[in-house]
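Report on the structure given below.
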Amino acid sequence: MKRLVLLTTVMILSIAVKAQKVGHNGAVIAFSNTIYSYDTISKGSNGDCVFEFTNIGDEPLIITSAFSSCGCTVPSWPKEPILPNKKGEIKIKYNTEKIGSFSKVIVVKSNSTDNEKTILRINGVVMKE
């Protein structure tokens, strides 16, 4: 009888633990867009743009780093955790002093369970004036 009660208790606890895990997906980053086109811009003009994202997961999202393919593209990101269902921004500053077309990549690293690295892209053409 004691074994039956013990076995039943273990089974109930195991089912309860599995039930808690259902629907648990951690932090999940979702960007509204991953490509930003400046189109044609003038040399020396404002090279700022913003990529907006939402944490669609059920745990806080932590962005650990964001870096670009060259020094002419400087990303900034929130250092505090983004709570579930809250929004955040990755801000990009592109140096528009070099004339010609450009295509740059920004890598965003986070604790997102579906994608630890997200690739963002910017492109455009800088004209003399």
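Taking 0.36 nm per intervening residue step and subtracting the Cα-Cα distance, what contour gain separates N33 from D114 on full extension?
Numbers: separation 81, 0.36 × 81 = 29.16 nm, distance 1.67 nm.
Additional length available on full extension: 27.5 nm.
May I ask you to compute the full-extension gain from N123 to S42, defined as 0.36 nm times their residue separation minus their alpha-carbon distance, rounded to one decimal in nm?
27.8 nm
I want to check the label-to-label distance for I99 and E80. Put each point 7 Å from Cα in the C-beta direction and report it in nm to one decimal.
Here the answer is 4.5 nm between the modelled labels.
Aspartates and glutamates within cross-link reach of K104: Cα-Cα under 20 Å, excluding same-chain residues under 8 positions apart?
Excluding near neighbours in sequence, the set is D39, D48, E52, E89, E116.
A short reminder: the numbers here are calculations on the coordinates, not readings from a lab. This one's a predicted model, so the numbers in the text were calculated from it and none came from an experiment. Heads up, the Cβs are rebuilt from the backbone with ideal geometry, glycines too, and the neighbour counts pull from every protein chain shown.
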